[in-house]
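> Pasting in a structure now, in structure tokens, and then I'll have a few things to ask.
Just so it is clear, none of the values below were taken in a lab; they were calculated from the coordinates. Just so you know, these numbers come straight off a predicted model, no measurement behind them. Reconstructed Cβ throughout: ideal geometry from the backbone, glycine too, with neighbour counts over all protein chains shown.
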Amino acid sequence: MEFTSGEIADGIAVVRPTGRLNMVSAGRLRELITSTVAGGRSRVVVDLTGVEFIDSSGLGALISGLKTARQAGGDLRIAAPNEQVSLVLRLTNMDRVLPVYASAETAYGNG
Amino acid sequence: MPAAILSREHAEGDSAARGFRGVDVVQERVSVHRADPEVTTRLAVLRLIVVATVVLGLNYMVWRWFFSLNWGAWWIALPLVAAETYSLIDVSLFGLTMWRARPRPRPPVAPAGLTVDVFITTYNEPVDLVIETATAARAIRYPHRTWILDDGDRPEMSEAATSLGVGYITRGADWLDRPLHAKAGNLNNALLATDGEFLLILDADQVPLPQILDETLGYFGDESVALVQTPQIFGNVTPGDPLGSQAGLFYGPIQQGKDGWNAAFFCGSNALLRREALMQLGIAGYVAEVERAVLTALRGARRVLAKAARSAPRDNDVVLGALAEVASAVETARLEVAALKPLSSVTYALQRRIEEISRGMVAIDIHLLARDLDALREMGGDDEVEWDVLMDMESTVETLASRELSPLGAFESVQTLLRSIDVDRAEEAQPLMPLATISVTEDMATSMRLHDMGWRSVYHSGLLAVGLAPEDLGTMLKQRLRWAQGTMQVFLKENPLRQRGMTIAQRLMYFSTMWSYLSGFAALIYFAAPIVFLCFGILPVNTTAWEFFLRFVPFMALNQLLFVFAGRGIPTWRGQQYSLALFPVWIRATVSAAANVYFKRPLGFVVTPKTRQEGGPNWRLITPQVCVAVALVIAAVIGTTRLVLGVGEPIGTAVNLGWVVFDLIVLSVLVPAVLYRGFQPKEVSG
């Protein structure tokens with residue numbers, strides 16, 4: 001699993017994992033979000049375009065990231081999941097908590 | 001059942017292997033039914049005994065309720081018949097458990113390449129003891145990583161782990177000032193610090209054998225298996241087992257019987273768990289908990305806001321306006337939640353809106369303060385203050401103070417409540433709590449939730465770890481109290497009978513264990529009834545001796561036969577004795593668990609010490625039982641005297657004297673237990 005991260009606009013950070021977001025890679029995603037928020041960017045988008053597969057540990061990392069961002073006064077949003085990821089979000093009822101945005105760029109609206 | 005669907009989902013990317021594994025699963029389940037003929041015959045006889053016991057029991061109980069109840073002495077007759085009914089339900093549930101009690105066939109060989117984390121949980125056990133377990137854990141043959149989970153956060157434990165070359169995990173800063181959740185919290189913390197597919201959980205004093213993983217990982221070839229529990233056997237128990245530590249009936253026929261109904265319990269140690277299953281529990285728990293918390297807080301906020309609006313001064317439009325704005329924001333949020341808008345979006349928007357209103361409030365507040373101060377300064381400048389003006393000033397100050405206290409104070413409490421309407425579970429150290437934290441015995445609650453999600457469990461009866469049992473009565477009593485309290489907490493918080501994800505049989509398997517802890521109340525009545533008869537000649541049963549024996553003796557005989565046959569040579573009598581003799585423990589556990597669940601009273605929870613407590617025999621630990629024994633003996637003397645004087649009725653006296661003897665034999669189990677000086681290993685000569 002690879003991670004890239006960057007900034008979209010006015011302090012909104014984007015994290016792009018690629019590959020399988022599972023128990024092996026979940027810890028690294030968690031750390032990446034923590035360091036991003038600690039670096040002063042508490043509004044985070046996780047762009048799931050490149051994620052082929054997610055398991056419960058991967059979801060756990062997203063929830064941990066959400067908590068980190070919220071406690072810093074920001075938010076964590078997810079964008080562009082594939083079918084398997086969407087299915088897991090539905091089956092676990094995670095879609096009750098986290099809305100899915102079409103793309104990282106639109107996750108925080110246009111501004 | 002999301003669990004099964006999800007786990008199939010997880011085999012994704014390897015469809016050939018998935019299909020293959022699917023076939024394996026089917027074959028394995030078929031082979032359970034192809035057991036050898038001896039086992040099948042045995043089970044058939046056992047089922048016959050179960051049916052006969054229940055039928056004879058019903059025959060006896062129907063007669064007791066409808067044909068022999070002495071209503072003239074209802075105050076003892078009703079409790080006694082209730083206690084007997086309790087016991088019949090208890091033995092029926094035991095019979096249901098035994099219905100499918102058979103050993104499992106050997107599991108498939110453990111496939112290579114699985115990742116396993118071995119967790120050794122410790123709180124205050126001696127470092128040497130933990131290191132002995134860790135050394136054995138490191139020597140487990142199947143490739144794995146070993147971790148010591150030290151809730152005591154001891155530097156010397158950390159050093160010892162490092163020098164042994166095993167991992168060391170302790171709670172991080174997130175756990176400061178938040179609930180620790182004892183062992184469940186310790187494991188939940190470690191779950192997020194590791195990444196193995198499977199976890200082997202060991203108590204600090206459970207020394208694993210090298211083959212523990214080779215013999216158990218094969219079960220997980222069935223992708224719906226979340227848990228493999230192995231027995232807890234103790235190496236420091238003298239022959240005769242005075243403290244009743246070896247739970248041979250439980251870690252044998254009972255767990256096998258529960259396993260037959262896919263309800264083998266997680267018992268906290270010597271068990272393997274599938275990480276994916278636990279994390280699913282964590283996710284499901286997070287979603288449910290967040291939803292519940294947000295809904296509750298939104299409802300609460302409405303109430304608090306309405307109260308604040310009532311107490312606000314009628315003439316202050318600013319405060320009233322702000323409160324109305326907040327109320328409208330809360331109402332919007334509530335409607336959005338009801339319309340199933342994602343909670344994260346709703347709460348984020350609400351938080352932003354509240355911030356906006358707060359900023360507006362602070363600005364207005366400062367403005368009002370300045371205006372009031374101006375007014376005060378004008379009045380203070382006048383030297384000849386008239387009486388009515390002074391009154392006015394007092395009332396101005398009063399108004400100012402109350403303005404500070406009442407509407408804004410209320411607003412701030414509203415704000416605090418509103419801030420808690422969030423999806424971050426700020427009150428917990430981590431948003432995910434895969435191991436259940438609703439009970440001091442996290443194990444049973446966790447496996448019940450796994451079963452409720454559709455996961456399967458396995459009981460593997462082979463010995464794979466050797467543990468240490470308590471070596472004195474005091475420690476043993478604390479341990480039993482904790483188990484009973486934890487079980488009753490689960491019963492009162494998540495009644496298994498109401499868990500819709502489980503089959504009826506699975507629910508009854510959990511209920512059965514909880515039901516058995518109510519035996520303390522029944523025991524009390526079984527001790528009281530003969531005392532009442534022998535002292536006052538009051539018989540709760542309205543019958544002739546012949547009629548009574550005709551119905552009671554066959555039931556009692558089959559009851560005992562069931563235990564003997566189900567036990568397969570395992571001694572079960574000591575267990576039966578303890579289940580009655582420890583009545584004060586069970587009663588205390590039930591009462592304290594109810595007080596805890598309904599009135600939030602602390603349990604007085606204690607960690608079971610693994611080392612022996614010093615000092616001589618402590619009879620005070622069993623004061624209630626000693627009192628009962630003395631009362632029984634006195635009652636026997638009185639009853640005999642009444643008989644000799646011609647007051648007592650001969651057959652009733654004989655039956656009740658027999659009953660007293662039985663009760664005293666039951667209680668006698670405690671004498672060697674009090675006197676027990678701990679395990680003395682035999683010296684090896686030459």
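> Around B:ALA182, what is the net charge, scoring Lys/Arg as +1 and Asp/Glu as -1 over all other residues with Cβ under 15 Å from its Cβ? It would help to have the intermediate numbers written out before the result.
Details: positive: B:ARG171, B:ARG178, B:LYS183, B:LYS478, B:ARG482; negative: B:GLU125, B:ASP150, B:ASP151, B:ASP153, B:ASP203, B:GLU428, B:GLU442, B:ASP443.
It works out to a net charge of -3.
> Residue by residue, what Karplus-based ³J(HN,Hα) values in Hz, rounded to whole numbers, does segment B:492-507 have, using 6.51, -1.76 and 1.60 with θ = phi - 60° and x for Gly and Pro?
Those phi angles translate into 7, 8, 9, 3, x, 5, 9, 8, 6, x, 9, 6, 4, 4, 4, 4 Hz.
> Quick check for the protein assembly as shown: number of Lys pairs with alpha-carbon distance under 24 Å, counting only pairs 8 or more apart or on different chains?
Close lysine pairs found across the protein assembly as shown: 12.
> While we're looking at this one, here's another question. Could you work out how far apart the two model spin labels at B:ARG568 and B:ASP315 are, taking each label as a point 7 Å from the Cα in the direction of the beta carbon, and quote it in nm?
Result for the modelled spin labels: 8.7 nm.
> Would you work out if segment B:446-597 is rounded, prolate or oblate? Take a ≥ b ≥ c from the square roots of the eigenvalues of the alpha-carbon gyration tensor; rounded if a/c is under 1.5, else prolate when a/b is larger than b/c, oblate otherwise. Mind showing how you got there, number by number?
Values: a/c = 1.62, a/b = 1.55, b/c = 1.05.
Since a/c reaches 1.5 and a/b is larger than b/c, the shape of segment B:446-597 is classed as prolate.
> Next question, about the same structure. Given a cut-off of under 8 Å on Cα pairs at least six residues apart, what relative contact order in percent is computed for chain B?
20 percent
> Next question. Take B:TRP147, B:TRP455 and order them by how many other Cβ atoms sit within 10 Å, fewest up front. Write out the running numbers ahead of the final one.
Details: B:TRP147 23, B:TRP455 27.
Ascending number of Cβ neighbours within 10 Å: B:TRP147, B:TRP455.
> First check a/c for the protein assembly as shown, with a ≥ b ≥ c the square roots of the eigenvalues of its C-alpha gyration tensor; if it is under 1.5, answer rounded, and if not, answer prolate when a/b is larger than b/c or oblate otherwise.
Numbers: a/c = 2.18, a/b = 1.42, b/c = 1.54.
Oblate, since a/c reaches 1.5 and b/c is not below a/b.
> Does a label point 7 Å from the Cα of A:ASN93, set along Cα-to-beta-carbon, have any residues of segment B:265-292 with amide nitrogen under 11 Å, and which are they?
B:283-292
> Taking the Cβ of B:VAL597 as the centre, find all other residues whose Cβ is under 13 Å away and add up their charges (Lys, Arg: +1; Asp, Glu: -1). Intermediate values should be presented prior to the final figure.
Values: positive: B:LYS493, B:LYS600, B:ARG601; negative: B:GLU494.
Its environment carries a net charge of +2.
> Between segment B:639-654 and segment B:178-250, how many Å separate their Cα centres?
Spelled out, the Cα-based centre of one part sits 55 Å from the other.
> First obtain the Kirkwood hydrodynamic radius of segment B:525-600 from its Cα pairs, then insert it into the Stokes-Einstein equation at 20 °C and 1.002 mPa s, and state the resulting D in µm² per second as a whole number.
On the way: Rh = 15.9 Å.
Result for D is 135 µm²/s.
> Let me ask you something else. By how many degrees, 0 to 90 and rounded to 10, does the Cα axis of helix B:343-380 deviate from the longest principal axis of chain B?
50 degrees
> Now for a different question. Counting only DSSP beta bridges with both residues in chain B, tell me the antiparallel percent, nearest 5.
On the way: 10 of 31 bridges.
In chain B, DSSP labels about 30 percent of beta bridges as antiparallel.
> In percent, how large is the relative contact order of segment A:2-103, given Cα pairs closer than 8 Å and 6 or more residues apart? Don't jump to the answer; show the numbers that get you there.
Numbers: 183 pairs, mean separation 27.0, N = 102.
Averaging sequence separation for qualifying contacts and normalising by length gives 26 percent for segment A:2-103.
> Then there is this: Count, for each residue of B:274-286, the Cβ atoms from other chains sitting within 10 Å of its Cβ, then give me the mean as a whole number.
Working: counts 0, 5, 5, 1, 3, 9, 8, 1, 6, 13, 5, 0, 9.
Per residue, the number of nearby Cβ atoms from other chains is 5 on average.
> Would you mind checking the radius of gyration and Dmax of chain B based on alpha-carbon positions, in Å?
Looking at chain B, its Cα Rg and Dmax stand at 32.1, 112 Å.
> Shifting gears a bit: Lys and Arg at +1, Asp and Glu at -1: add these up for the other residues within a Cβ distance under 13 Å of A:ILE12 and post the number. Walk me through the numbers on the way to the answer.
On the way: positive: A:ARG41, A:ARG43, A:ARG77; negative: A:GLU7, A:ASP10, A:ASP47, A:ASP75, A:GLU105.
Around A:ILE12, the charge tally is -2.
> Let me ask something else. Averaged over A:50-60, how many beta carbons belonging to a partner chain fall within 10 Å of each residue's beta carbon?
Details: counts 0, 0, 2, 4, 2, 9, 14, 12, 1, 7, 12.
So the per-residue partner count for this stretch is 6.
> In nm, to one decimal, how far is the A:SER103 label point from the B:PHE521 one, both placed 7 Å along Cα→Cβ?
My value for the distance between the label points is 6.6 nm.
> Test of understanding: what is the full-extension gain from B:ARG292 to B:ALA505, defined as 0.36 nm times their sequence separation minus their Cα-Cα distance?
Values: separation 213, 0.36 × 213 = 76.68 nm, distance 2.91 nm.
Between B:ARG292 and B:ALA505, full extension yields an extra 73.8 nm.
> A further question on this structure: Quote the FRET efficiency, to the nearest 0.05, computed for A:ILE8 versus B:GLU325 with a Förster distance R0 of 35 Å and r equal to the Cβ-Cβ distance. Intermediate results must be reported in sequence, preceding the final value.
Values: r = 32 Å, r/R0 = 0.91.
Calculated transfer efficiency: 0.65.
> Okay, next question. Using a basic spin-label model with each label point 7 Å from the Cα along Cα→Cβ, how many nm lie between B:ALA595 and B:ARG359?
In this crude spin-label approximation the distance works out to 5.2 nm.
> Among DSSP bridges having both ends in the protein assembly as shown, what percentage is antiparallel? Round to the nearest 5. Show your work: numbers first, answer last.
Numbers: 16 of 53 bridges.
Expressed as a percentage, antiparallel bridges in the protein assembly as shown total about 30.
> Next up: Using the Karplus equation 6.51 cos²θ - 1.76 cosθ + 1.60 (θ = phi - 60°), what ³J(HN,Hα) coupling, rounded to whole Hz, does each residue of segment B:327-336 give in order, writing x for Gly and Pro?
Running phi through 6.51 cos²θ - 1.76 cosθ + 1.60 with θ = phi - 60° gives 4, 5, 5, 5, 5, 4, 4, 5, 5, 5 Hz.
> While we're here: Neighbour counts of other C-beta atoms within 10 Å: give me B:CYS267, B:CYS535, B:CYS627 arranged from fewest to most. Numbers along the way, then the final one.
Working: B:CYS267 24, B:CYS535 16, B:CYS627 12.
Taking fewest neighbouring Cβ atoms as first place, the list is B:CYS627, B:CYS535, B:CYS267.
> Taking θ as phi - 60°, what are the ³J(HN,Hα) couplings along segment B:469-476 by the Karplus curve (6.51, -1.76, 1.60), each to the nearest whole Hz, with x for Gly and Pro?
Rounded to whole hertz, the list is 9, x, 10, 9, 4, x, 5, 4.
> Looking only at segment A:2-103, where both bridge partners belong to it, what percent of the DSSP beta bridges are antiparallel (to the nearest 5)?
30 percent
> Let me ask something else. Convex hull over the alpha-carbon atoms of chain A: what's its volume per residue in Å³? Write down the numbers at each step before the final one.
Working: hull volume 9.2 nm³, N = 111.
Taking the convex hull of the Cα positions in chain A, it is 83 Å³ per residue.
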